[in-house]
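The values are calculated or read from the model by the stated rules, or taken from the named source; none is laboratory data. Since the model is a prediction, treat every value here as computed from it, not as a measurement. A quick note on method: Cβ atoms are made from the backbone with ideal geometry, for glycine too, and the neighbour counts reach across all protein chains shown.
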Amino acid sequence: MSIKTESPPLVTLEAVTKRYAAITALDGVDLTIRAGEAVCLAGENGSGKSTLIKVLVGVERPSAGRVLFDGVPQIRLTPTEATAAGVQVIFQDFSLFPNLTVAENIAMTAERATGARLVHTARARARAAEVLARVGVSLDLDARIERLPVAHKQLVAICRALAADARLIIMDEPTTALTEREVDRLLELIRKLKSDGVAVLFVSHKLAEVLEVCETVVVLRNGEKVAEGPATDFDAASLTRAMTGRDVASAPPAPLGPAAPPLLQVEGLGRAGAFENVSVDLRAGEVLGVAGLLGSGRTTLAKALFGLARPDRGTIMLDGIDIPLGDPIAAAAAGIGYVPEDRLTEGLFLEQSIAHNIAVGRFDAHAPNGVLNLQTLWAEAADWLKRLSVKAPDPTAPVRSLSGGNQQRVVLARWMARQPRVLILNGPSVGVDVGSKAEIHGIIADLAGRGLGVIVISDDLPELLATCHRILVMKDGLITEEVTGGSGVTEADLSHRLAS
């Protein structure tokens, strides 16, 4: 009589430790992933999640501990070996080729696996079309990645992983820039992958979707595993507490006083194919939200207010003075700041220091005699790091070395140093953890409390409800209605208004 033995886990990490000089990024972490299982890897930025993923795919080698695939120890794991074992990863920064097409990016990994020296264009297009159809997304196969919006780049990255017959797909913040409908589609796809025996390691700051799709939750904090168990044992509050070590709560802002003066006045603003007849007033100390699905025109409107996209008609006035349309330099000089949705490609100089990123646009303030005074530049940067609680070794460190939440605060510090009158935040907490999100919301409230006008563009409905005095609903390029914050409107109500 034969004895049936259970097959070994697909992936096992045993007491994995990773040190960078005096910094311990991972400290004795164990992790098990079985075929057909979805595991949530949760933790704040800087908790060690990205380092663990890099160890798992062979980008980094552990300082101690070991990695096993199908029960076999991987002595000197490389990315090529991890890929051959069926491990595919979607990194948070997408890792796409901006100068290549959608089809070429999706088929890249699978084409390389064939060993061919030249790309087979017809085969690549057919493979890309098949994966896009599987996901239920329609994209132009010939469009260059550099011309796509963030949400479409994210979809291409997901499809590329699916194109290469993976046994384990690691999704690092895969839904950051997706709309609610696209997130639902992705979660349904994950369920199908699981039923086909594909394992998923799912990293996301959106706790509701994590708990919906995963069987197991593993929580990291400061490089250590602090909690693990069935997803049914967690809710949003307990998971947040495990990630941060504290309770994180948010409340809508206090009502704006009737005496708050008008600050920004937008009249009849329009741009063909993007948005039409946008008229809105922003008062000093007010946080104004703009909610809209992908394609609603919300991002183009945000860029138009800052001059990055030129409207065809309308006026923008700050303190009663006309702001030239399509001129970001004039907008910034007048006191309008803009924090972009994609901080990695639009908001930061990744190879430059934190201090240089904060001082961009105002180096003259540190060069009264025409010579840059590095001492004052470092001092000012250090002051902003302290004021915004940025976790950084020192201002001279490259901004690339920071976690997503800390990078976002560096972009905020750059504009706050310029003392703007109006600050436009496009997706202010995209890709940041729950603790950093709450702190960024606190910064928004503090800015408004000091008399700034703040405009928040976001598809994170709880974020809008928690930070905004008013929320404008935008559909098909038009402002269709206005919702008063704190009026009892729920996330479900706002979602229905967007979809109806």
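Among the residues of the range 408-430, is there at least one that is part of a loop (DSSP other than H, G, I, E, B), touching a helix residue (DSSP H, G or I) at 6+ places or on another chain (Cβ under 8 Å), among the hydroxyl-bearing types (Ser, Thr, Tyr) and within 28 Å of Leu318 (Cα to Cα)? Yes, the range 408-430 contains a residue that is part of a loop (DSSP other than H, G, I, E, B), touching a helix residue (DSSP H, G or I) at 6+ places or on another chain (Cβ under 8 Å), among the hydroxyl-bearing types (Ser, Thr, Tyr) and within 28 Å of Leu318 (Cα to Cα). Would you mind stating whether Thr467 is surrounded by fewer than 21 Cβ atoms within 10 Å (Cβ to Cβ), of a type in the set (Val, Ile, Thr) and out of contact with any Leu (no Cβ under 7 Å at 6 or more places or on another chain)? In short, no.
Taking (1) at pLDDT 90 or above; (2) under 25 Å from the mean Cα position of the chain (by Cα) in turn, Met317 satisfies each apart from (2). Tell me yes or no: at least one residue of the range 223-231 is modelled with pLDDT of 85 or more, assigned by TED's automatic domain parsing to the domain that holds Gly43, in contact with a Gly (Cβ under 6 Å, 6 or more places away or on another chain) and surrounded by 15 or more Cβ atoms within 10 Å (Cβ to Cβ). Scanning the range 223-231 turns up at least one residue that is modelled with pLDDT of 85 or more, assigned by TED's automatic domain parsing to the domain that holds Gly43, in contact with a Gly (Cβ under 6 Å, 6 or more places away or on another chain) and surrounded by 15 or more Cβ atoms within 10 Å (Cβ to Cβ).
Taking the range 206-222 as the range and being closer than 19 Å to Val183 by Cβ and in a strand (DSSP E or B) as the test, only Val217 passes.
The residue that is farthest from Glu37 (Cα to Cα), among those in the range 110-119 that are part of a helix (DSSP H, G or I) and not basic (Lys, Arg), is Glu111.
Kindly check whether there is at least one residue in the range 202-211 that is in contact (Cβ under 8 Å) with a residue 12 or more places away in the chain and more than 21 Å from the chain's Cα centre (by Cα). For the range 202-211, residues in contact (Cβ under 8 Å) with a residue 12 or more places away in the chain and more than 21 Å from the chain's Cα centre (by Cα): absent.
When we screen Leu68, Leu31 for residues that are among the hydrophobic types (A, V, I, L, M, F, W, C) and touching a Pro at 6+ places or on another chain (Cβ under 9 Å), the only hit is Leu68. Of the residues examined, Glu130 is one that is more than 28 Å from Arg343 (Cα to Cα) and either buried (at least 19 other Cβ atoms within 10 Å of the Cβ) or of a type outside the set (Ser, Thr, Tyr) (or both).
Given Leu269, Leu294, which one is more than 30 Å from Glu380 (Cβ to Cβ), surrounded by fewer than 23 Cβ atoms within 10 Å (Cβ to Cβ) and under 26 Å from the mean Cα position of the chain (by Cα)? The match here is Leu294. A single member of Lys225, Lys194 is of a type in the set (D, E, K, R), outside any strand (DSSP E or B) and in contact (Cβ under 8 Å) with a residue 60 or more places away in the chain, and it is Lys194.
I need a count of the residues in the range 454-500 that are in contact (Cβ under 8 Å) with a residue 24 or more places away in the chain and of a type in the set (Gly, Ala, Ser). Residues in the range 454-500 being in contact (Cβ under 8 Å) with a residue 24 or more places away in the chain and of a type in the set (Gly, Ala, Ser): 7 in total. For the range 254-306, a tally of residues being farther than 17 Å from Leu423 by Cα and in contact with a His (Cβ under 8 Å, 6 or more places away or on another chain) returns 2.
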